[in-house]
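Engineer: What follows is a single structure, and I will ask about it in a moment.
Derivation of every value follows stated rules applied to the coordinates shown; laboratory data play no part. In this text, all values refer to a predicted model and were calculated from it rather than measured experimentally. Using ideal geometry, Cβ is built from the backbone for each residue, glycine included, and neighbour counts are taken over all protein chains shown.
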Amino acid sequence: MRKHAKRALLGAAMGLGSSFALVACTTMPQGVNTSNGSAEVKPGGTSTASATHANTAHENASISPVTISLSLGLITSNPQGQKKMVNDMIAKFEKQNPGIKVTWSTWDSASQEDTDIETMTATGQGPTIMDVGPIPTAYATHGFHVLSAADWKAIGGKSRYFAKQLTMSGPSASQEIGIPWEINPFALVYNKKMFQEAGIKSPPTTWTQFVKDAQKLTKPSKDQWGTGIDPADSIDPWHINWVMAKQLGGDFLNSNYTKATLNSKPVQTALSFWFDWVNKFKIASPNDLDYKSTDLVSAFQNQKIAMLPMQSYAFVPSLNASAVKNDWAYAPMPTIPYGMSKLPKGGTPVQTFTSGDFLVIPTYVQGAQYQAALKWINFFTSVPQQREIFNSIGYLPVNVDAYKNYKPLETPTISMLEQAENHAYPYPFSGNWGNVEVAFGGAANQIADEIATKTYKNGDIASALNAANEQIQNTLQ
Amino acid sequence: MRGEGVQVDFAETTATSTGAKASRKRRSANRMPMWMLFPTLFLLLLIIVVPFLIAVYTSLIDLNQYTLIHWVRAPFVGLGNFIDALKQGSALGASALRSVWVSVSFSLVTTAIITPVGVMAALMVNKPFRGRKWIRALFLLPYVLPVFVIALVWRLLFLNGTGLIDQVLSWLHIANKSTYWLIGPHTFWAMVIADAWGSWPFIYLMVLAALQSISTDQYESAYMDGAGPVRSFFSITVPNIRSILGLAVLLSTLNHFNNFTLPFIMFGTPPSPQADVLPLNVYITSFQTFNFGLGAAMSIITLIIMMIPAIFYIRMLKIGEGATR
Amino acid sequence: MTQSKTWVRIRFAGIVILGLIIIIPFLYMVIMSLTPDSEVGDGTLFPSHWAWGNYVTMWSNIGLGQYLMNSVIISAATGFLATVIAFGAAYVISRFKFRGRKVLLYSLITMQTVPQVMMLLPLFIVIVFIQQAFGIRLVGQYYTIVTTYLTFALPFACWLLISYFENIPIDLEEAAQVDGATRLQLLFRVVLPLMLPGMVVAFVFSFLLSWGDVLFASVLTSNTTRTIGVGLQAFLSAGDAGGGVYWGQLMAASLTSGIPIVVIFLLLQRYILGGLTSGAVKS
């Protein structure tokens, strides 16, 4: 009897397991069927919905030969809004273009974006249109179509887009691979209420003023700080330091990207200045030394920080859901370096680097599918869709006409960011930019560590940047 | 019962059709059921050996963002990647050896902490007492959370000054409020603590299952013979859990050696050198700076370094040598 | 058998200490899950108000329900397959001597030292190769990700079961053979019941290995097969984009996603622990 009881228990346990396995198995053929129709099923569709979806695609196969698939970044601040928006747009597009079927899926994080590009390149398989941030690395793979003059014409002509945004589409005007679909310029976010309390009338326009204002705003006893830094973040350190180095007349790489210049004077000055916020001016909390971007952002939302340089419009949804929802405002980044009254010789009035998302088409997409992809991009970047993107998920249009005579896009913040976009400059268009990011992040991390453990001494920034420079130089050769 | 008969027939036909000629000669139930091994061999070949061979090939070529698209035709560089891996390493200047050292110390220290804790916990709930069910459930709680959630929670706990740990430690006057767990030399310990918290139930569960498989008769007869609890612990409990525990320690060491998610989420990239474990180094090298050849070379160096102690350990404990015919 | 007083005291103290170590970070998580998103991590322990809404919005914000379902399917299938397949291998390895046995044993364990990060791209190449050779779609299917998880679950389960086999005396099997039992009768009537606790442990660990993975799932699943790990991570990537992270919802979702595992544990605990105390093994 005992044995039988045990067998029953075992049967129950295995039954549980195998029923799951069975579920997995029964979904297999379905998946295979969809491969010639719509490969990806719309997110959120239930399994039955996806089955019917697949069937109709199968039946229509003879009439509709072209299917394009989109791989878009997940809009984490509003995934529901994104789902509705994209599905509605696809319905509209398919109605206008009866011969084309569109499916879509999302990637969820920056690291997934990287691995997707890598796997697409290595295997020659994947989506028809991919949404990417950093174009230089994508360009280096030679895995994406370079757009011809005819291609640009098919997507509304270059004049449709913010000119500054196209500087990041490719290494030169004739070698562009990315079509921008939104702009994401950076600016200074500040807390109006804290400014008022400290008696400051307007946001700073020079870094000297920035430090002075921040000192007035800092009250360590109340854990209130003028500004903050986040040296433990993967990307923020290079964002702000690149902008400040450019203002000082420097850059991370030389003009033809053959030589690393991380150890140059302007970069050293910029990085020293950044850490001085904690080290010398005491306008940022020493706790910041192990911060990532998200920690800094919550400190601002919790009214512990009065000013945050280098923030984009993507910050707005979470600002509006926080304690500072009535107090935030955007201002242009200061452009005059610390201790100076005007830009030094060779300095550029950079407010932001060219930032935003681009659409690229892999080279394995050919013929009718390629033309269909261009049709979708033309549709996606035209005025009605660009405004719809803004209304649904709050991304700023890249189409210059979208701003004209349209009330929702005429707020002071947006006008200010539109101005900032005109002061955007491209960062070096180098296929080795990934190395630069990592090496610079490593240097920032090392200095933060030294300051935290009180082992920092003069000259350490120079030697850390020297070491980073050498690493990058090795990869450039 | 009828169903079973059918299965037996099926098994015999499979055995004869797939078995080697030699096995056909021995027609007893004693002959080796090779077919039971085939699914494993097939899967290992498909999902481990073949990808691994690709990785070996990758380590010999210059595979990066420029050559990825025609990766089969990427230039052959011989042992160049291996020399780079040992000398210069990732874009952070972290060589494979430095990262292997961090990884080895991390996995050994973590295992050294969780093993006694896990064994003690298993002993504590082995024999029935009131409320044991709840305690057992409680002990499994950390294991229920995905690693990256554990990493997030501990990151918040370890944040400098404002984190709970710094606040408690300074309140107890044990440490300064500015200990900086998340950068510099303390990162190693922050990683160890977070990982130990999340992974000790592994040892606990392994040992508990082994303890439960010891028949109560053994203890009873020992008790009859006048053995005290301490003596029966050493003469019955220890020998019975020895091989499982030996294996648990090995698997735990290897598992922690491979831990990528925890430092990736806790410290982000680039990490402090003290937390730059090998998987993180390989990830940065391969996927963030697109140097796949170098990343593969780093992994293979690791494999060679780790293989020797692992095999030595298995031989020493005689795991897998037991009840064979 | 009586339990000595000292032992009861040590046990009590041990359980209390261990319990506190477990509970404190857990309570912290519970509190965070009830904190408005932007207030998490600002140094104060208690929020300005309890945000019960986190437990409501998380369902719609990411498709938590579907992700959970996917994870349960994928992890259960991985756990089941790894256990069953490894059972066969472990039986052969621990009960028979054959050429290449040692090599197989050692390679099973040393394979665990290869960083999984490294296997990602080669594995993807293999998958796409098969995809092209046979004209079937593999990326984004349940069985593809399950097969992938077997890369780490299978060697693990094999080793576990091998060591459990060692604890089972071979006499019982020999006795059954003398009685004329066939191979399958032997396996099902004698070996399997004795191995049940070990198999459940192997199932649970294989299950958890695949449950916790984010790396492979992010590349090999599509929107319909995406797992909870990737889904939870998506909450974080709002930070990548420059916004604030939904900490409160993330913690609420993490705690909620632990519930299926707790249920599985509670269900299976009986098999691990009920096991062999009845005296089936006499050695």
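Engineer: Which FRET efficiency value, to the nearest 0.05, is calculated for B:M224 and C:H49 with the Förster distance at 56 angstrom and r the Cβ-Cβ distance?
Structural biologist: For B:M224 and C:H49, the calculated efficiency is 0.30.
Engineer: Considering only Cα-Cα distances, which of the following residue pairs are longer than 18 Å: A:K280/A:K457; A:K192/A:K407; A:K222/A:K282; A:K265/A:K292; A:K222/A:K457?
Structural biologist: Table pairs above 18 Å Cα-Cα are A:K192/A:K407; A:K265/A:K292; A:K222/A:K457.
Engineer: If we count other beta carbons within 10 Å of each Cβ, what is the order of C:R137, B:R73, fewest first? Let's see the in-between values first.
Structural biologist: Values: C:R137 19, B:R73 9.
Taking fewest neighbouring Cβ atoms as first place, the list is B:R73, C:R137.
Engineer: Express in nm, to one decimal, how much length is gained between A:K407 and A:A462 on full extension, taking 0.36 nm for each residue of separation and deducting their alpha carbon distance.
Structural biologist: Gain on extension, A:K407 to A:A462, equals 14.8 nm.
Engineer: For the protein assembly as shown, what are the per-bin percents of Cα-Cα distances with bins 10 Å wide, up to the bin holding the maximum?
Structural biologist: In whole percents, the pair-distance histogram is 2, 10, 19, 23, 20, 13, 7, 4, 1, 0.
Engineer: Can you sort C:V219, C:V178 by how many other beta carbons sit within 10 Å, fewest first? Please report the intermediate quantities before stating the final value.
Structural biologist: Working: C:V219 22, C:V178 8.
Going from sparsest to densest Cβ surroundings: C:V178, C:V219.
Engineer: When only C-alpha pairs under 8 Å and at least 6 residues apart count, what is the relative contact order of chain A, in percent?
Structural biologist: Result for chain A is 22 percent.
Engineer: Output the 0 to 90 degree angle, nearest 10, between the alpha-carbon long axis of helix A:79-96 and the longest principal axis computed from the alpha carbons of chain A.
Structural biologist: 60
Engineer: Treat each spin label as a single point 7 Å out from the Cα along the C-beta direction, and report the C:I170 to C:S107 distance in nm.
Structural biologist: In this crude spin-label approximation the distance works out to 2.5 nm.
Engineer: The range C:1-72 to the range A:197-227: how many Å between their Cα centroids?
Structural biologist: 39
Engineer: If you take the beta carbon distance between A:S341 and A:S202 as r and set R0 to 25 Å, what does 1/(1 + (r/R0)^6) give as a FRET efficiency, to the nearest 0.05?
Structural biologist: Details: r = 18 Å, r/R0 = 0.71.
The formula returns an efficiency of 0.90 here.
Engineer: Provide the FRET efficiency to the nearest 0.05 for the B:V238-B:K87 pair, computing r from the beta carbons and using R0 = 56 Å.
Structural biologist: 0.75
Engineer: How would A:H423, A:H239, B:H70 line up from fewest to most surrounding beta-carbon atoms within 10 angstrom?
Structural biologist: Lowest to highest Cβ neighbour count: B:H70, A:H423, A:H239.
Engineer: I would also like to ask the following. DSSP H helices in chain C with Cα extent of 24 Å or more along the helix axis and mean Kyte-Doolittle hydropathy at least 1.6? Each step should come with its number before you reach the end.
Structural biologist: Working: long enough: C:5-33 (41 Å, 1.80); C:64-95 (45 Å, 1.29); C:116-134 (27 Å, 2.07); C:142-166 (34 Å, 1.12); C:192-212 (29 Å, 1.86); C:247-274 (40 Å, 1.38).
Going by DSSP H runs, the hits are C:5-33, C:116-134, C:192-212.
Engineer: Something else about it: Averaged across the residues of A:441-449, what count of C-beta atoms belonging to other chains lies within 10 Å of each residue's C-beta?
Structural biologist: 6
Engineer: Return the calculated 222 nm mean residue ellipticity for chain A, to the nearest 500 deg cm²/dmol, obtained by summing -39500 (n - 2.57) across DSSP H runs with n ≥ 4 and dividing by the residue count.
Structural biologist: The helix-only estimate for chain A comes to -14500 deg cm²/dmol at 222 nm.
Engineer: State which entries of A:K92/A:K375; A:K101/A:K164; A:K193/A:K304; A:K201/A:K404; A:K193/A:K216 exceed 21 angstrom in Cα-Cα distance in the structure shown.
Structural biologist: On the way: A:K92/A:K375 13 Å; A:K101/A:K164 33 Å; A:K193/A:K304 12 Å; A:K201/A:K404 31 Å; A:K193/A:K216 14 Å.
Exceeds cut-off: A:K101/A:K164; A:K201/A:K404.
Engineer: Could I ask something else about it? Mind checking the angle between helix A:236-247 and chain A's longest principal axis? C-alpha axes, 0 to 90 degrees, to the nearest 10.
Structural biologist: With both axes taken from Cα atoms, the answer is about 50 degrees.
Engineer: Taking 0.36 nm per residue of separation and subtracting the Cα-Cα distance, what length does fully extending B:V50 through B:W171 add?
Structural biologist: 38.0 nm is the gain from fully extending B:V50 to B:W171.
Engineer: Give the residues of the range C:80-120 whose amide nitrogen is closer than 17 Å to a point set 7 Å from the Cα of B:I311 in the direction of its Cβ.
Structural biologist: C:99-114
Engineer: List the aspartates and glutamates whose Cα lies under 13 Å from the Cα of C:K97, skipping any in the same chain that are fewer than 8 positions away.
Structural biologist: Partners within reach: B:E321.
Engineer: Obtain the nm distance between the two label points defined at C:V30 and A:E94 by a simple spin-label model: each point lies 7 Å from its Cα along the Cα-to-C-beta direction.
Structural biologist: 4.7
Engineer: Using alpha-carbon pairs under 8 Å, 6+ residues apart, how would you state the relative contact order of the range C:62-274 in percent?
Structural biologist: Value for the range C:62-274: 34 percent.
Engineer: Taking only Cα atoms, what is the 0 to 90° angle, nearest 10, from helix A:207-217's long axis to the longest principal axis of chain A?
Structural biologist: 90
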